[in-house]
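Trainee: Structure in structure tokens, see below.
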Amino acid sequence: MNIQVLALLTAPTTALLALGYGFFLAKKIVKDDEGGPKLQAIALAIRQGAMTYLKKQFSLVVPIMLILAILINFGLGTGIAIAFLLGAIGSALIGYFGMWIAVRANVRTAKNAIKGLNPALKTAFDAGTVNGMLVVGLGLLGVSLIYMWAYFSFINQGPELVAKHATDVLVGYGFGAALLTLFMRVGGGIFTKAADVGADLVGKIEAGIPEDDPRNPAVIADNVGDNVGDCAGMAADVFESYEVTVVASMILGGAMFGLKGVVFPLLARAAAILTSILGTFFVKAKNDRENPINPLMRGFIVSAVSAMVIFMLLAQYVLQEPRAGYAAVTGIVSMLIFLFITKYYTGPGEKPVIAIAKASKTGAGTTLISGLAVGMESTFISVVVVAATIFVGYWFLGFYGISLAGMGMLATTGIIMSLDTFGPIADNAQGMVEMAHLGGKAPKVTESLDAVGNTTKALTKGFAVGSAAVAAVSLFATYFEATGLLSIDMAHPKVFVGVLIGGALPFLFSSRLIGSVGRAAFEVVEEVRRQFKEIKGIMAGTALPDYSKAVAIVTAAAQRELIVPALIVVGAPLVISPLGAEALGGFLGGVVVSGLALALFMCNGGGAWDNAKKYIEDGHFGGKGSDPHKAAVIGDTVGDPLKDTAGPALNPMMKIVQIVALLIAPYVVQIFGR
């Protein structure tokens, strides 16, 4: 049996194994009961809000995707149009089922917290693993099926034709996944942060009530937002990066090694799924006193180290080129360094976060100044790591080495997504414990899980930005392949114009999203104030607020703002293309440089402000309700739309402009020249 046929069998089989493991865990979670009537009522409100939001978003997005598929069919061919739809469907399924399991696991985590740390930890992590298995399983299955179609359709005409047709169609697949992800990221980010900011400004600052107090009319919208933004949006985002890196690796591998170079990423992805599954078995707390971060990190380290070993073996026996293994391992190592940097700059109790908290003693102004400084410093260090990854990957194996480094960064995607989804589930669980007034071990257990969840969410945001940047650079390399360019001349005015416009685009894109959060949060604030004023008995706890109003406000705001950012991202490469292929290449480079730096600044700065607030809430510098706390809440309010809306949305934005340019590259060269 040759290596191509082996890959055809191994990759989809492993993908189905991942999906089967996810189904097994989901069935086990859902079989557990939801606790008492009060918990169930809270869970139902969150679940209904989340699913209503998704249905409204899909009702708006589906017609847009179908229209685009028709246009792609006439402009680029039926195969690319079908792949575009498959990528979009995969991304949508990831978002939907990721949220579906999260809004069922949150209440069970809260209920199991009464028993102790391990039962609650296991429930939240298992639900996260379901999400992780969906991402890697559907991701690998989609790419495998496209490759199988090309293999059996064109193998008689030669392996080069198989590689060409497979990779051409895979670009369409990546475009569908990326564009749907952009909608999920933009809509989810606006929803979650408008609700969060509105709830905090009136609840914490004006009314002086706790974060998840049931008296706050925006509290359910806030809890729904955790799932909409951090489960559905993040899952679709990482799925798209997962797809884009393997697509770029297959395109560049085919150009360098022929069919073997196309097959290697498929087998490496399959092996990485197995290492992620292996890592999940090591996530178990030794006792109720252990910090929950320790078992999570144990599982992650096992997964990462075993992936390194398997990548080296595959490089040796599939490609007979150990440098391919070194390039992939470079990605894993840089991802570990990236996570450490993110933890240092955003982690609770770390020096930069304590410095921001201390600055809050003199008011909101110094809180904001200190947070800006931390975000900017972290950006430089993080960009150096990404730059080193790209350089070392290229040193080992040229552009193919860069794409393999990006693939290595995403090797542990299965368990990374487990850690990410764990965060909002733990956050929801703590809110439910507080709203349902559960006693015993529950408050302490969910508080510790939520603290760890905040750390894992910050870590995975940094991971998502870093991997998105390397994926975008991989696609940038494929653009050179598609256009036949060997370099771009920065001294040429047209190229420099392209670089400038590309560098400015992420700022325009981000301004739309941040402004959207501000406008929606204003509406939420006005609604919460109205209810506190008009519904007598809310503050005394004798009357319930109308939670549905805030949910409706942020849902409508999220839908209103979906279209313009997508038009900006898809349309910009088309507008620049008349300047020629070289100028379009300069534009793509400008987008990556500016987008990466801006995304890192917003994610890390926002994360640092968030944990500075939590550090004060833990009893430092006056604790909850003090003047430093109020200043820190304002810092967190500014950071929220940065770290959870605009920053993460730049991930798919950076890749969509590359994919659109890649799709139109042959026409740009033909019509406008190089």
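Trainee: What number, rounded to the nearest 500 deg cm²/dmol, is the helix-based mean residue ellipticity at 222 nm of the chain, given -39500 (n - 2.57) per DSSP H run of at least four residues and division by all its residues?
Mentor: -29500 deg cm²/dmol
Trainee: Can I ask one more? List every residue whose amide H lies under 5 Å from the amide H of Ile538, counting only residues 5 or more places away in sequence or on a different chain, with H placed 1.01 Å from N in the peptide plane.
Mentor: Amide H neighbours of Ile538, under 5 Å, 5+ apart: Ala543.
Trainee: Rg to Rh for the chain: what is it, with Cα atoms only and Rh by Kirkwood?
Mentor: Details: Rg = 23.8 Å, Rh = 24.7 Å.
Answer for the chain: 0.97.
Trainee: Still on this model: Any chance you could tell me what percent of the C-alpha pair distances in region 425-546 go past 19 Å?
Mentor: Details: 5560 of 7381 pairs.
Value for region 425-546 (Cα pairs over 19 Å): 75 percent.
Trainee: Test of understanding: what is the full-extension gain from Ile381 to Phe496, defined as 0.36 nm times their sequence separation minus their Cα-Cα distance? Each step should come with its number before you reach the end.
Mentor: Working: separation 115, 0.36 × 115 = 41.40 nm, distance 2.62 nm.
Length difference between fully extended and current span is 38.8 nm.
Trainee: Once every Cα of region 237-365 carries one equal point scatterer and solvent is ignored, give the base-10 log of I(q)/I(0) from the Debye formula at q = 0.10, 0.13, 0.15, 0.16 Å⁻¹, two decimals.
Mentor: Here log10 of I(q) over I(0) equals -0.48, -0.70, -0.83, -0.90.
Trainee: How big is the dipole moment of the chain about its Cα centre under a simple scheme where the beta carbon of each Lys and Arg is +1, that of each Asp and Glu is -1, and everything else is neutral? Debye, nearest 20, please. The partial results should precede the final answer.
Mentor: On the way: 48 positive and 44 negative charges, 145 e Å.
The dipole of the chain has a size of about 700 debye.
Trainee: Further question on the same structure: Restricting things to alpha carbons, find the Rg to Rh ratio for region 513-669 using the Kirkwood radius for Rh. If you can, show how the numbers build up before the last one.
Mentor: On the way: Rg = 21.4 Å, Rh = 18.8 Å.
So for region 513-669, dividing Rg by the Kirkwood Rh gives 1.14.
Trainee: Pull out a ≥ b ≥ c, the square roots of the eigenvalues of the alpha-carbon gyration tensor of region 501-544, then state rounded if a/c is under 1.5, prolate if not and a/b is larger than b/c, and oblate in the remaining case. Provide the component values of the computation, followed by the final result.
Mentor: On the way: a/c = 8.78, a/b = 5.19, b/c = 1.69.
Verdict is prolate for region 501-544.
Trainee: Any idea which of Ile538, Met407, Val638 is furthest toward the positive side of the dipole for the chain, if Lys and Arg beta-carbons carry +1 and Asp and Glu beta-carbons -1?
Mentor: Comparing the listed Cα positions along the dipole, Ile538 ranks first.
Trainee: With each label point set 7 Å from Cα along the Cα-Cβ vector, what nm distance links Ala388 and Met51?
Mentor: 4.8 nm
Trainee: Can you tell me, using C-alpha contacts under 8 Å and at least 6 residues apart, the relative contact order of the chain as a whole percent? Please list the in-between numbers first.
Mentor: Numbers: 1319 pairs, mean separation 141.9, N = 674.
RCO, the chain: 21 percent.
Trainee: Which of the trypsin sites (Lys or Arg not before Pro) found in region 261-308 are in a DSSP loop and have at most 11 neighbouring Cβ atoms, other than their own, within 10 Å? Intermediate results must be reported in sequence, preceding the final value.
Mentor: Working: sites: Arg269, Lys284, Lys286, Arg289, Arg298; in loops: Lys284, Lys286, Arg289.
For trypsin sites (Lys or Arg not before Pro) across region 261-308 that sit outside H, G, I, E and B with at most 11 neighbouring Cβ atoms in 10 Å, the list reads Lys286, Arg289.
Trainee: Evaluate E = 1/(1 + (r/R0)^6) for Asn73 and Tyr667, where r is the Cβ-Cβ distance and R0 equals 22 Å; express this FRET efficiency to the nearest 0.05.
Mentor: Working: r = 16 Å, r/R0 = 0.71.
Efficiency for this residue pair is about 0.90.
Trainee: Separate question: Taking region 334-478, how much of its Cα-Cα pair set, in percent, is spaced more than 28 angstrom apart?
Mentor: Details: 3623 of 10440 pairs.
It works out to 35 percent of all Cα pairs.
Trainee: If you consider only alpha-carbon coordinates, what radius of gyration and Dmax does region 471-524 have, in Å?
Mentor: For region 471-524, the Cα-based Rg and Dmax read 17.2, 52 Å.
Trainee: Per residue, how large is the accessible surface of the chain? Use a 1.4 angstrom probe and give square angstrom. Don't jump to the answer; show the numbers that get you there.
Mentor: Working: 22810 Å² over 674 residues.
It amounts to 34 Å² per residue over the chain.
Trainee: On to the next question. Ranked from highest to lowest mean number of other Cβ atoms within 10 Å per residue, what is the order of the peptides 599-605, 493-499?
Mentor: 599-605, 493-499
Trainee: Once R0 is set to 35 Å, what does the formula 1/(1 + (r/R0)^6) return for the Cβ-Cβ distance between Ser487 and Phe340, expressed as a FRET efficiency to the nearest 0.05?
Mentor: Numbers: r = 35 Å, r/R0 = 0.99.
Rounded to the nearest 0.05, the efficiency is 0.50.
Trainee: Checking a compactness column here: for region 592-632, what do you get for Rg(Cα) / (2.2 N^0.38 Å), N being the number of residues?
Mentor: Details: Rg = 13.8 Å, N = 41, 2.2 N^0.38 = 9.0 Å.
Normalised Rg, Cα atoms only: 1.53.
Trainee: Which one of Ser511, Gly22, Pro119 is farthest out on the positive end of the charge dipole of the chain, using unit charges on Cβ (Lys, Arg +1; Asp, Glu -1) and the Cα centre as origin?
Mentor: After comparing all options, I get Pro119.
Trainee: Return, ordered by residue number, the residues of region 266-307 whose backbone nitrogen is under 17 Å from a label point located 7 Å along Cα→Cβ of Tyr317.
Mentor: 266-275, 306-307
Trainee: Of the listed pairs Lys111/Lys193; Lys56/Lys549; Lys193/Lys549; Lys27/Lys193; Lys343/Lys643, which have alpha-carbon separations greater than 20 Å here?
Mentor: On the way: Lys111/Lys193 27 Å; Lys56/Lys549 16 Å; Lys193/Lys549 16 Å; Lys27/Lys193 31 Å; Lys343/Lys643 14 Å.
Among Lys111/Lys193; Lys56/Lys549; Lys193/Lys549; Lys27/Lys193; Lys343/Lys643, the Cα-Cα distance tops 20 Å for Lys111/Lys193; Lys27/Lys193.
The values are calculated or read from the model by the stated rules, or taken from the named source; none is laboratory data. All values reported here derive from a predicted model rather than from experimental measurement. Note that we place each Cβ from the backbone using ideal geometry, even for glycine, and neighbour counts take in every protein chain shown. Remember, those area values only see protein heavy atoms, side chains included, never the ligands or the DNA or RNA. Shrake-Rupley method; radii C 1.70, N 1.55, O 1.52, S 1.80 Å.
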